[in-house]
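**Student:** Questions regarding the structure given below will be posed in turn.
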Amino acid sequence: MSLVTGIVLGNIAMALLAAVLLWHSTRNARDLKAALTRTQLLAATDSLTGLPNRAELLSRAAKWLAADGRGTTLVVLDLDGFKMINDTLGHQAGDDLLAAVAGRLQACLGEKGELARLGGDEFAALIPGTDSEAAAIGFIRAAEAALASPFELSGDTVSMTLSAGIAIGAVRGIDPAELLRRADVAMYAAKATQHRSWASFSPDMDESLQLRRTIGAELEAALVRNELQLVYQPLVCTRTGRVMSAEALMRWPGKQGQAGSPGVFIPIAEETGLISKLGDWALDQACIEIKRQKTIPIAVNVSPVQFRGEGFAESVETAIRRHGIAPELLRLEITEGVLISHTGEAHRTMRRLRELGVQVLLDDFGTGYSSLSYLQKFEFDGLKIDRAFIQQLEDGPTGRRLLQSIISLGHSLNLKVIAEGVETEDQAALLQLLRCDFLQGYALGRPDAAEKLHSLSFTEMLPLTRQRSN
Ligand code: C2E
Ligand code: CA
Ligand code: CA
(Lines give C-alpha, C1' and ligand atoms only; values in the text may rest on other atoms or scores of the structure.)
(Ligands and ions follow the chains in the order given, each with its own letter.)
Protein backbone atom coordinates (compact mmCIF):
# COMPACT_ATOMS: atom_id res chain seq x y z
CA MET A 1 0.00 0.00 0.00
CA SER A 2 1.44 3.34 -1.07
CA LEU A 3 1.76 6.12 1.37
CA VAL A 4 -0.95 8.08 -0.49
CA THR A 5 -3.35 5.15 -0.42
CA GLY A 6 -2.56 4.73 3.21
CA ILE A 7 -3.30 8.37 3.92
CA VAL A 8 -6.50 8.27 1.85
CA LEU A 9 -7.65 5.10 3.57
CA GLY A 10 -6.68 6.58 6.89
CA ASN A 11 -8.71 9.69 6.07
CA ILE A 12 -11.67 7.61 4.98
CA ALA A 13 -11.43 5.65 8.22
CA MET A 14 -11.21 8.88 10.14
CA ALA A 15 -14.19 10.29 8.24
CA LEU A 16 -16.16 7.11 8.84
CA LEU A 17 -15.27 7.20 12.48
CA ALA A 18 -16.25 10.85 12.59
CA ALA A 19 -19.51 10.06 10.78
CA VAL A 20 -20.23 7.20 13.15
CA LEU A 21 -19.40 9.40 16.07
CA LEU A 22 -21.51 12.21 14.67
CA TRP A 23 -24.38 9.85 14.01
CA HIS A 24 -23.99 8.51 17.51
CA SER A 25 -23.83 11.91 19.04
CA THR A 26 -26.90 13.22 17.17
CA ARG A 27 -28.77 10.09 18.17
CA ASN A 28 -27.55 10.62 21.69
CA ALA A 29 -28.63 14.21 21.48
CA ARG A 30 -32.04 13.15 20.19
CA ASP A 31 -32.33 10.47 22.86
CA LEU A 32 -31.14 12.94 25.38
CA LYS A 33 -33.67 15.47 24.24
CA ALA A 34 -36.47 12.92 24.32
CA ALA A 35 -35.35 11.76 27.73
CA LEU A 36 -35.22 15.35 28.88
CA THR A 37 -38.72 16.02 27.57
CA ARG A 38 -39.89 12.87 29.33
CA THR A 39 -38.26 13.93 32.59
CA GLN A 40 -39.63 17.43 32.25
CA LEU A 41 -43.05 15.99 31.59
CA LEU A 42 -42.72 13.70 34.57
CA ALA A 43 -41.55 16.59 36.70
CA ALA A 44 -44.56 18.60 35.54
CA THR A 45 -47.15 15.82 35.87
CA ASP A 46 -48.89 14.30 38.82
CA SER A 47 -48.38 10.56 38.35
CA LEU A 48 -51.67 9.47 39.92
CA THR A 49 -54.03 11.61 37.85
CA GLY A 50 -51.89 12.58 34.87
CA LEU A 51 -52.76 16.22 35.56
CA PRO A 52 -50.20 19.03 35.73
CA ASN A 53 -48.76 19.26 39.25
CA ARG A 54 -48.25 22.22 41.56
CA ALA A 55 -44.94 23.33 40.02
CA GLU A 56 -46.42 23.19 36.55
CA LEU A 57 -49.52 25.07 37.66
CA LEU A 58 -47.34 27.84 39.09
CA SER A 59 -45.31 28.08 35.90
CA ARG A 60 -48.47 28.24 33.77
CA ALA A 61 -49.93 30.89 36.09
CA ALA A 62 -46.69 32.84 35.69
CA LYS A 63 -47.29 32.97 31.95
CA TRP A 64 -50.79 34.36 32.38
CA LEU A 65 -49.51 36.90 34.89
CA ALA A 66 -46.54 38.05 32.77
CA ALA A 67 -46.62 41.39 30.97
CA ASP A 68 -47.92 39.83 27.75
CA GLY A 69 -50.49 37.59 29.48
CA ARG A 70 -54.19 38.16 30.20
CA GLY A 71 -54.22 37.74 33.93
CA THR A 72 -55.90 34.69 35.44
CA THR A 73 -58.47 33.50 37.92
CA LEU A 74 -57.33 30.66 40.14
CA VAL A 75 -59.71 28.23 41.83
CA VAL A 76 -58.47 25.90 44.55
CA LEU A 77 -60.68 22.88 45.34
CA ASP A 78 -60.38 20.72 48.43
CA LEU A 79 -62.37 17.53 49.00
CA ASP A 80 -64.17 17.49 52.34
CA GLY A 81 -63.42 14.50 54.53
CA PHE A 82 -61.04 12.79 52.09
CA LYS A 83 -58.59 11.75 54.79
CA MET A 84 -61.28 9.71 56.44
CA ILE A 85 -61.92 7.71 53.23
CA ASN A 86 -58.23 7.06 52.92
CA ASP A 87 -58.07 5.94 56.54
CA THR A 88 -61.13 3.73 56.49
CA LEU A 89 -61.28 2.30 52.97
CA GLY A 90 -57.54 2.12 52.42
CA HIS A 91 -55.04 3.98 50.28
CA GLN A 92 -55.89 2.12 47.10
CA ALA A 93 -59.52 3.25 47.38
CA GLY A 94 -58.26 6.75 48.16
CA ASP A 95 -56.10 6.75 45.02
CA ASP A 96 -58.94 5.39 42.89
CA LEU A 97 -61.21 8.09 44.20
CA LEU A 98 -58.70 10.86 43.45
CA ALA A 99 -58.26 9.61 39.89
CA ALA A 100 -62.03 9.45 39.39
CA VAL A 101 -62.47 12.91 40.91
CA ALA A 102 -59.79 14.26 38.54
CA GLY A 103 -61.72 12.84 35.58
CA ARG A 104 -65.00 14.41 36.66
CA LEU A 105 -63.38 17.78 37.38
CA GLN A 106 -61.68 17.78 34.01
CA ALA A 107 -65.01 17.09 32.33
CA CYS A 108 -66.57 20.03 34.20
CA LEU A 109 -63.78 22.44 33.29
CA GLY A 110 -63.49 21.35 29.65
CA GLU A 111 -61.66 23.86 27.49
CA LYS A 112 -62.43 26.78 29.76
CA GLY A 113 -59.19 26.48 31.70
CA GLU A 114 -56.42 24.22 32.94
CA LEU A 115 -56.82 21.74 35.75
CA ALA A 116 -53.98 20.66 38.06
CA ARG A 117 -53.53 18.54 41.16
CA LEU A 118 -51.77 20.43 43.91
CA GLY A 119 -51.20 17.34 46.02
CA GLY A 120 -53.26 15.31 48.49
CA ASP A 121 -56.91 16.03 47.90
CA GLU A 122 -56.33 19.54 46.57
CA PHE A 123 -56.97 20.45 42.95
CA ALA A 124 -56.72 23.79 41.17
CA ALA A 125 -58.06 25.32 37.99
CA LEU A 126 -56.60 28.27 36.10
CA ILE A 127 -59.17 30.18 34.10
CA PRO A 128 -57.61 32.84 31.88
CA GLY A 129 -58.64 36.47 32.27
CA THR A 130 -59.39 38.65 35.26
CA ASP A 131 -63.11 38.77 34.51
CA SER A 132 -63.60 35.05 35.05
CA GLU A 133 -65.10 34.96 38.54
CA ALA A 134 -68.50 33.98 37.13
CA ALA A 135 -66.86 31.25 35.07
CA ALA A 136 -65.03 30.09 38.20
CA ILE A 137 -68.25 29.92 40.19
CA GLY A 138 -69.94 28.08 37.31
CA PHE A 139 -67.10 25.55 37.34
CA ILE A 140 -67.36 25.08 41.13
CA ARG A 141 -71.12 24.50 40.93
CA ALA A 142 -70.70 21.98 38.12
CA ALA A 143 -67.92 20.27 40.10
CA GLU A 144 -70.15 20.06 43.20
CA ALA A 145 -72.91 18.45 41.21
CA ALA A 146 -70.46 16.03 39.58
CA LEU A 147 -68.95 14.93 42.90
CA ALA A 148 -72.34 14.51 44.52
CA SER A 149 -73.20 11.51 42.38
CA PRO A 150 -71.80 8.39 43.99
CA PHE A 151 -68.37 6.85 43.36
CA GLU A 152 -68.10 3.07 43.63
CA LEU A 153 -65.07 2.12 45.72
CA SER A 154 -64.25 -1.45 46.70
CA GLY A 155 -67.85 -2.25 47.56
CA ASP A 156 -68.60 1.11 49.16
CA THR A 157 -70.38 4.05 47.63
CA VAL A 158 -69.26 7.51 48.58
CA SER A 159 -70.29 10.89 47.34
CA MET A 160 -68.08 13.87 47.90
CA THR A 161 -68.47 17.52 48.78
CA LEU A 162 -65.85 20.17 48.24
CA SER A 163 -64.70 23.56 49.48
CA ALA A 164 -63.32 26.07 47.02
CA GLY A 165 -61.43 29.35 47.08
CA ILE A 166 -61.16 31.85 44.24
CA ALA A 167 -58.38 34.43 43.73
CA ILE A 168 -58.05 36.81 40.80
CA GLY A 169 -54.62 37.78 39.49
CA ALA A 170 -54.16 40.81 37.23
CA VAL A 171 -51.20 41.01 34.85
CA ARG A 172 -48.04 41.96 36.75
CA GLY A 173 -50.20 42.57 39.81
CA ILE A 174 -49.19 39.48 41.79
CA ASP A 175 -46.83 36.54 41.65
CA PRO A 176 -48.18 33.00 41.18
CA ALA A 177 -47.26 31.77 44.65
CA GLU A 178 -49.16 34.66 46.26
CA LEU A 179 -52.14 34.00 43.98
CA LEU A 180 -52.17 30.39 45.14
CA ARG A 181 -51.87 31.44 48.78
CA ARG A 182 -54.86 33.77 48.42
CA ALA A 183 -57.00 31.08 46.78
CA ASP A 184 -56.03 28.76 49.66
CA VAL A 185 -56.98 31.35 52.28
CA ALA A 186 -60.34 31.84 50.53
CA MET A 187 -60.85 28.08 50.47
CA TYR A 188 -60.29 27.86 54.26
CA ALA A 189 -62.69 30.76 54.74
CA ALA A 190 -65.25 28.80 52.72
CA LYS A 191 -64.71 25.73 54.90
CA ALA A 192 -65.40 27.83 57.97
CA THR A 193 -68.80 29.03 56.80
CA GLN A 194 -71.84 26.81 56.81
CA HIS A 195 -73.89 28.39 54.08
CA ARG A 196 -71.65 28.21 51.02
CA SER A 197 -68.92 25.89 49.82
CA TRP A 198 -66.83 28.55 48.08
CA ALA A 199 -65.45 32.03 48.74
CA SER A 200 -63.54 34.67 46.79
CA PHE A 201 -60.42 36.05 48.41
CA SER A 202 -60.69 39.39 50.16
CA PRO A 203 -57.92 41.05 52.23
CA ASP A 204 -59.87 40.79 55.50
CA MET A 205 -59.68 37.00 55.19
CA ASP A 206 -55.99 37.16 55.98
CA GLU A 207 -56.79 38.82 59.29
CA SER A 208 -59.65 36.48 60.02
CA LEU A 209 -57.50 33.41 59.31
CA GLN A 210 -54.83 34.74 61.66
CA LEU A 211 -57.47 35.33 64.32
CA ARG A 212 -58.90 31.83 63.95
CA ARG A 213 -55.43 30.31 64.28
CA THR A 214 -54.86 32.26 67.49
CA ILE A 215 -58.24 31.18 68.89
CA GLY A 216 -57.46 27.57 67.95
CA ALA A 217 -54.16 27.71 69.84
CA GLU A 218 -55.79 29.32 72.90
CA LEU A 219 -58.53 26.69 72.88
CA GLU A 220 -55.98 23.91 72.83
CA ALA A 221 -54.17 25.51 75.77
CA ALA A 222 -57.50 25.83 77.64
CA LEU A 223 -58.22 22.15 77.06
CA VAL A 224 -54.77 21.14 78.31
CA ARG A 225 -55.18 23.32 81.40
CA ASN A 226 -58.61 21.79 82.02
CA GLU A 227 -60.35 25.15 81.77
CA LEU A 228 -63.33 23.98 79.70
CA GLN A 229 -66.64 22.99 81.23
CA LEU A 230 -69.82 21.18 80.33
CA VAL A 231 -73.19 22.61 81.31
CA TYR A 232 -76.45 20.69 81.12
CA GLN A 233 -79.81 21.75 79.72
CA PRO A 234 -82.93 19.73 80.62
CA LEU A 235 -85.23 17.98 78.16
CA VAL A 236 -88.68 17.91 79.67
CA CYS A 237 -91.34 15.30 78.96
CA THR A 238 -94.65 16.85 77.85
CA ARG A 239 -96.60 13.97 79.40
CA THR A 240 -95.12 14.04 82.88
CA GLY A 241 -93.64 17.54 83.13
CA ARG A 242 -90.45 15.90 84.42
CA VAL A 243 -86.84 16.15 83.31
CA MET A 244 -86.22 13.06 81.22
CA SER A 245 -82.70 13.73 80.00
CA ALA A 246 -80.22 16.55 79.47
CA GLU A 247 -77.97 17.86 76.75
CA ALA A 248 -74.32 18.56 77.58
CA LEU A 249 -73.08 21.84 76.09
CA MET A 250 -69.49 22.99 76.14
CA ARG A 251 -68.39 26.22 77.78
CA TRP A 252 -65.08 28.10 77.73
CA PRO A 253 -65.40 30.39 80.73
CA GLY A 254 -62.00 32.04 80.33
CA LYS A 255 -62.77 33.36 76.86
CA GLN A 256 -64.46 36.72 76.50
CA GLY A 257 -66.49 37.84 73.51
CA GLN A 258 -67.92 35.95 70.55
CA ALA A 259 -65.12 33.41 70.42
CA GLY A 260 -66.20 32.13 73.85
CA SER A 261 -69.39 30.70 72.34
CA PRO A 262 -69.35 27.09 71.10
CA GLY A 263 -71.08 28.22 67.91
CA VAL A 264 -67.77 29.96 67.12
CA PHE A 265 -65.07 27.84 68.75
CA ILE A 266 -66.41 24.41 67.77
CA PRO A 267 -66.10 25.15 64.01
CA ILE A 268 -62.57 26.47 64.64
CA ALA A 269 -61.72 23.25 66.48
CA GLU A 270 -63.10 21.33 63.48
CA GLU A 271 -60.86 23.27 61.11
CA THR A 272 -57.73 22.78 63.17
CA GLY A 273 -58.39 19.12 63.98
CA LEU A 274 -58.58 19.82 67.72
CA ILE A 275 -62.21 18.65 67.66
CA SER A 276 -61.34 14.99 68.20
CA LYS A 277 -59.55 15.76 71.49
CA LEU A 278 -62.30 18.19 72.47
CA GLY A 279 -64.94 15.58 71.62
CA ASP A 280 -63.13 12.87 73.62
CA TRP A 281 -62.95 15.25 76.54
CA ALA A 282 -66.70 16.03 76.37
CA LEU A 283 -67.56 12.34 76.14
CA ASP A 284 -65.36 11.62 79.13
CA GLN A 285 -66.89 14.43 81.23
CA ALA A 286 -70.43 13.36 80.33
CA CYS A 287 -69.61 9.77 81.38
CA ILE A 288 -68.27 11.05 84.72
CA GLU A 289 -71.52 12.94 85.25
CA ILE A 290 -73.63 9.91 84.30
CA LYS A 291 -71.67 7.78 86.71
CA ARG A 292 -72.16 10.35 89.45
CA GLN A 293 -75.94 10.71 89.25
CA LYS A 294 -76.87 7.41 87.52
CA THR A 295 -80.44 8.43 86.58
CA ILE A 296 -80.70 11.18 83.98
CA PRO A 297 -79.53 10.21 80.48
CA ILE A 298 -77.08 12.73 79.03
CA ALA A 299 -76.70 13.60 75.36
CA VAL A 300 -73.32 14.65 74.00
CA ASN A 301 -72.98 16.62 70.75
CA VAL A 302 -70.78 14.89 68.24
CA SER A 303 -69.15 16.86 65.48
CA PRO A 304 -69.40 15.32 61.99
CA VAL A 305 -65.60 15.36 61.85
CA GLN A 306 -65.47 13.30 65.02
CA PHE A 307 -68.26 10.91 64.01
CA ARG A 308 -66.57 10.17 60.70
CA GLY A 309 -63.17 9.77 62.30
CA GLU A 310 -61.61 6.34 62.55
CA GLY A 311 -62.93 4.13 65.31
CA PHE A 312 -65.48 6.57 66.69
CA ALA A 313 -67.91 3.85 67.83
CA GLU A 314 -65.01 2.02 69.49
CA SER A 315 -63.96 5.12 71.40
CA VAL A 316 -67.53 5.45 72.70
CA GLU A 317 -67.45 1.81 73.76
CA THR A 318 -64.11 2.31 75.52
CA ALA A 319 -65.45 5.35 77.40
CA ILE A 320 -68.55 3.42 78.53
CA ARG A 321 -66.43 0.51 79.77
CA ARG A 322 -63.83 2.69 81.45
CA HIS A 323 -66.44 4.58 83.44
CA GLY A 324 -68.62 1.53 83.98
CA ILE A 325 -71.84 3.32 83.03
CA ALA A 326 -75.08 1.95 81.58
CA PRO A 327 -74.96 2.62 77.80
CA GLU A 328 -78.67 3.53 77.86
CA LEU A 329 -77.78 6.63 79.86
CA LEU A 330 -75.51 7.97 77.11
CA ARG A 331 -76.95 9.64 74.01
CA LEU A 332 -75.29 11.20 71.03
CA GLU A 333 -76.56 14.10 68.96
CA ILE A 334 -75.44 14.25 65.36
CA THR A 335 -76.42 16.49 62.48
CA GLU A 336 -77.32 15.42 58.98
CA GLY A 337 -73.96 16.68 57.74
CA VAL A 338 -72.51 13.46 59.16
CA LEU A 339 -74.49 11.35 56.75
CA ILE A 340 -74.18 13.25 53.52
CA SER A 341 -70.92 11.73 52.38
CA HIS A 342 -69.44 8.29 53.01
CA THR A 343 -72.75 6.79 53.96
CA GLY A 344 -71.25 3.31 54.12
CA GLU A 345 -69.01 4.20 57.03
CA ALA A 346 -71.74 6.24 58.75
CA HIS A 347 -74.00 3.18 58.57
CA ARG A 348 -71.37 0.98 60.20
CA THR A 349 -70.81 3.49 62.99
CA MET A 350 -74.54 3.87 63.60
CA ARG A 351 -75.06 0.12 63.72
CA ARG A 352 -72.19 -0.32 66.15
CA LEU A 353 -73.56 2.40 68.45
CA ARG A 354 -76.99 0.84 68.43
CA GLU A 355 -75.51 -2.55 69.27
CA LEU A 356 -73.85 -0.89 72.24
CA GLY A 357 -77.24 0.41 73.34
CA VAL A 358 -76.37 4.07 72.88
CA GLN A 359 -79.23 6.17 71.49
CA VAL A 360 -78.56 8.52 68.61
CA LEU A 361 -80.59 11.68 68.01
CA LEU A 362 -80.74 13.66 64.80
CA ASP A 363 -79.96 17.28 65.74
CA ASP A 364 -81.07 20.51 64.04
CA PHE A 365 -83.72 18.65 62.06
CA GLY A 366 -85.08 20.60 59.11
CA THR A 367 -82.03 22.77 58.50
CA GLY A 368 -80.11 20.23 56.46
CA TYR A 369 -80.52 18.54 53.13
CA SER A 370 -82.90 15.76 52.14
CA SER A 371 -83.94 15.05 55.69
CA LEU A 372 -86.58 12.46 54.89
CA SER A 373 -84.32 10.04 53.07
CA TYR A 374 -81.80 10.11 55.92
CA LEU A 375 -84.51 9.49 58.44
CA GLN A 376 -85.52 6.40 56.53
CA LYS A 377 -82.00 5.12 55.91
CA PHE A 378 -80.60 5.54 59.39
CA GLU A 379 -82.20 4.25 62.51
CA PHE A 380 -82.37 7.20 64.83
CA ASP A 381 -83.98 7.13 68.24
CA GLY A 382 -85.26 10.66 68.05
CA LEU A 383 -85.19 13.89 66.17
CA LYS A 384 -84.67 17.39 67.47
CA ILE A 385 -86.64 19.98 65.56
CA ASP A 386 -84.48 23.03 64.93
CA ARG A 387 -85.19 26.20 66.87
CA ALA A 388 -86.07 28.04 63.64
CA PHE A 389 -89.34 26.09 63.38
CA ILE A 390 -90.29 26.79 66.99
CA GLN A 391 -89.78 30.51 66.41
CA GLN A 392 -92.29 30.39 63.54
CA LEU A 393 -94.90 28.82 65.78
CA GLU A 394 -96.51 32.10 66.74
CA ASP A 395 -96.30 33.58 63.22
CA GLY A 396 -99.59 32.01 62.15
CA PRO A 397 -101.15 28.80 60.92
CA THR A 398 -98.43 27.87 58.42
CA GLY A 399 -95.72 27.56 61.07
CA ARG A 400 -98.04 25.49 63.19
CA ARG A 401 -99.02 23.17 60.33
CA LEU A 402 -95.37 22.70 59.44
CA LEU A 403 -94.53 21.69 62.99
CA GLN A 404 -97.54 19.42 63.13
CA SER A 405 -96.37 17.58 60.02
CA ILE A 406 -92.79 17.23 61.29
CA ILE A 407 -94.05 15.78 64.56
CA SER A 408 -96.37 13.34 62.72
CA LEU A 409 -93.53 12.36 60.42
CA GLY A 410 -91.29 11.61 63.42
CA HIS A 411 -93.99 9.55 65.10
CA SER A 412 -94.78 7.61 61.94
CA LEU A 413 -91.13 6.56 61.90
CA ASN A 414 -91.31 5.61 65.58
CA LEU A 415 -89.06 8.42 66.68
CA LYS A 416 -89.23 10.51 69.82
CA VAL A 417 -89.71 14.13 68.79
CA ILE A 418 -87.94 16.91 70.68
CA ALA A 419 -88.50 20.65 70.21
CA GLU A 420 -85.42 22.82 70.71
CA GLY A 421 -85.26 26.49 71.62
CA VAL A 422 -88.63 26.67 73.39
CA GLU A 423 -88.53 30.17 74.82
CA THR A 424 -92.07 30.91 76.01
CA GLU A 425 -94.77 29.13 77.95
CA ASP A 426 -97.14 29.64 75.00
CA GLN A 427 -94.77 27.77 72.71
CA ALA A 428 -94.50 25.00 75.30
CA ALA A 429 -98.28 24.71 75.57
CA LEU A 430 -98.73 24.65 71.79
CA LEU A 431 -96.06 22.01 71.33
CA GLN A 432 -97.69 19.93 73.99
CA LEU A 433 -100.97 20.16 72.10
CA LEU A 434 -99.19 19.11 68.93
CA ARG A 435 -98.00 16.03 70.85
CA CYS A 436 -94.34 16.82 70.73
CA ASP A 437 -92.68 14.38 73.17
CA PHE A 438 -89.95 16.50 74.76
CA LEU A 439 -89.22 20.19 75.09
CA GLN A 440 -85.89 21.94 75.52
CA GLY A 441 -85.31 25.67 75.77
CA TYR A 442 -84.91 28.69 77.98
CA ALA A 443 -88.58 28.47 79.03
CA LEU A 444 -87.81 25.15 80.72
CA GLY A 445 -84.26 25.73 81.83
CA ARG A 446 -81.03 27.32 80.67
CA PRO A 447 -77.87 25.25 80.40
CA ASP A 448 -76.49 25.04 83.94
CA ALA A 449 -74.62 22.91 86.46
CA ALA A 450 -75.73 19.26 86.51
CA GLU A 451 -76.88 19.44 90.16
CA LYS A 452 -79.72 21.77 89.18
CA LEU A 453 -81.36 19.15 86.94
CA HIS A 454 -82.82 17.10 89.77
CA SER A 455 -84.76 19.92 91.33
CA LEU A 456 -86.66 20.84 88.16
CA SER A 457 -90.32 20.03 87.59
CA PHE A 458 -92.74 21.49 85.05
CA THR A 459 -96.07 20.06 86.03
CA GLU A 460 -97.50 23.56 86.40
CA MET A 461 -96.27 24.81 83.07
CA LEU A 462 -97.47 21.69 81.25
CA PRO A 463 -100.78 20.95 82.94
CA LEU A 464 -102.70 19.41 80.02
CA THR A 465 -100.62 16.29 79.93
CA ARG A 466 -102.29 14.48 82.78
CA GLN A 467 -105.62 14.65 80.97
CA ARG A 468 -104.26 12.76 78.01
CA SER A 469 -104.84 9.07 77.82
CA ASN A 470 -101.43 7.99 76.48
P1 C2E B 1 -76.98 22.72 69.46
O2 C2E B 1 -76.49 21.32 69.59
O3 C2E B 1 -78.13 22.94 68.54
O4 C2E B 1 -77.32 23.20 70.92
C5 C2E B 1 -78.41 23.99 71.26
C6 C2E B 1 -78.02 25.43 71.39
O7 C2E B 1 -79.17 26.22 71.61
C8 C2E B 1 -77.11 25.70 72.58
O9 C2E B 1 -76.25 26.76 72.21
C10 C2E B 1 -78.11 26.15 73.64
O11 C2E B 1 -77.50 26.91 74.66
C12 C2E B 1 -79.04 26.98 72.80
N13 C2E B 1 -80.37 27.11 73.38
C14 C2E B 1 -81.00 26.28 74.20
N15 C2E B 1 -82.24 26.72 74.49
C16 C2E B 1 -82.41 27.86 73.80
C17 C2E B 1 -83.49 28.81 73.66
O18 C2E B 1 -84.56 28.68 74.23
N19 C2E B 1 -83.28 29.87 72.84
C20 C2E B 1 -82.12 30.08 72.19
N21 C2E B 1 -81.97 31.14 71.42
N22 C2E B 1 -81.08 29.20 72.28
C23 C2E B 1 -81.23 28.11 73.08
P24 C2E B 1 -74.72 26.72 72.57
O25 C2E B 1 -74.51 26.10 73.90
O26 C2E B 1 -74.20 28.09 72.33
O27 C2E B 1 -74.13 25.72 71.51
C28 C2E B 1 -74.12 26.05 70.15
C29 C2E B 1 -73.75 24.85 69.32
O30 C2E B 1 -72.40 24.48 69.57
C31 C2E B 1 -74.56 23.61 69.64
O32 C2E B 1 -75.79 23.69 68.97
C33 C2E B 1 -73.65 22.54 69.12
O34 C2E B 1 -73.80 22.42 67.73
C35 C2E B 1 -72.29 23.10 69.43
N36 C2E B 1 -71.77 22.48 70.65
C37 C2E B 1 -71.95 22.83 71.95
N38 C2E B 1 -71.30 22.00 72.77
C39 C2E B 1 -70.70 21.06 72.00
C40 C2E B 1 -69.87 19.91 72.23
O41 C2E B 1 -69.57 19.52 73.38
N42 C2E B 1 -69.42 19.23 71.13
C43 C2E B 1 -69.77 19.60 69.87
N44 C2E B 1 -69.30 18.87 68.84
N45 C2E B 1 -70.55 20.65 69.61
C46 C2E B 1 -71.00 21.38 70.65
CA1 CA C 1 -77.37 19.47 70.09
CA1 CA D 1 -79.65 21.67 67.76
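**Student:** Can you give me the long-range amide H partners of ASP448? Hydrogens built in the peptide plane at 1.01 Å from N, cutoff under 5 Å, separation of 5 or more residues or another chain.
**Tutor:** The list, which skips near neighbours in sequence, is TYR232, GLN233.
**Student:** Past 29 Å, Cα to Cα: identify those pairs from LYS291/LYS377; LYS255/LYS277; LYS416/LYS452; LYS294/LYS377; LYS83/LYS416; LYS112/LYS377, in the order given.
**Tutor:** Checking Cα-Cα distances, LYS291/LYS377; LYS294/LYS377; LYS83/LYS416; LYS112/LYS377 exceed 29 Å.
**Student:** Quote the convex hull volume per residue of the chain, based on C-alpha atoms, as a whole number of Å³.
**Tutor:** 216
**Student:** Would you work out what percent of the accessible area of the chain, with all protein chains in place, is carbon or sulfur (probe 1.4 Å)?
**Tutor:** The computed percentage sits at 54.
**Student:** Where does the Debye-calculated log10 I(q)/I(0) of the range 54-202 sit at q = 0.14, 0.21 Å⁻¹, using only Cα point scatterers of equal weight, no solvent?
**Tutor:** With no solvent term, the Cα-only Debye profile gives -0.63, -1.28.
**Student:** Solvent-accessible area per residue for the chain at a 1.4 Å probe radius, Å²?
**Tutor:** Accessible area per residue: 49 Å².
**Student:** In whole Å, what are the Cα extents of the range 211-469 along the three principal axes, biggest one first?
**Tutor:** 51, 39, 39
**Student:** How long, wide and thick is the range 59-107, going by the Cα atoms along their three principal axes, in whole angstroms, largest first?
**Tutor:** 48, 18, 15
**Student:** Let me ask something additional. Would you mind classifying the range 172-214 by shape? Square roots of the alpha carbon gyration tensor eigenvalues, ordered a ≥ b ≥ c; an a/c under 1.5 is rounded, otherwise it is prolate if a/b is larger than b/c and oblate if not.
**Tutor:** Since a/c reaches 1.5 but b/c is at least a/b, the shape of the range 172-214 is classed as oblate.
**Student:** Now for a separate question. Can you show me the helix-derived [θ] at 222 nm for the chain, built from DSSP H runs with n ≥ 4 at -39,500 (n - 2.57) apiece and divided by the number of residues, rounded to the nearest 500.
**Tutor:** -16000 deg cm²/dmol
**Student:** Let me ask something additional. Given bins 5 angstrom wide, list per bin the percent of all Cα-Cα distances in the range 202-322, short to long.
**Tutor:** For the range 202-322, the binned pair fractions read 2, 10, 19, 20, 18, 14, 9, 5, 3, 1, 0, 0 percent.
**Student:** Could you tell me the relative contact order of the chain? Use alpha-carbon pairs under 8 Å, at least six residues apart, and round to a whole percent.
**Tutor:** Relative CO of the chain lands at 12 percent.
**Student:** I'd like the FRET efficiency for ASP284 and THR424, computed as 1/(1 + (r/R0)^6) with the beta carbon distance as r and R0 of 30 Å, rounded to 0.05.
**Tutor:** 0.25
**Student:** Is there a quick way to get the dipole size of the range 54-202? I mean about its Cα centre, with the Cβ of Lys and Arg at +1 and of Asp and Glu at -1; what is the value in debye to the nearest 20?
**Tutor:** 460
**Student:** In addition: Would you grab the residues whose amide H sits under 5 Å from the one on SER245? Only those 5+ places off in sequence or on another chain, please, with H modelled 1.01 Å from N.
**Tutor:** Amide H to amide H, under 5 Å and 5 or more residues apart or across chains, SER245 pairs with LEU235.
The values are calculated or read from the model by the stated rules, or taken from the named source; none is laboratory data. Fair warning: this is a prediction, and the values are worked out from it, not measured in the lab. No Cβ is skipped: glycine too gets one built from the backbone with ideal geometry, and neighbour counts run over all protein chains shown. When the accessible area is computed, the model is the full protein with side chains, heavy atoms only, and any ligands, DNA or RNA have been set aside. Shrake-Rupley method; radii C 1.70, N 1.55, O 1.52, S 1.80 Å.
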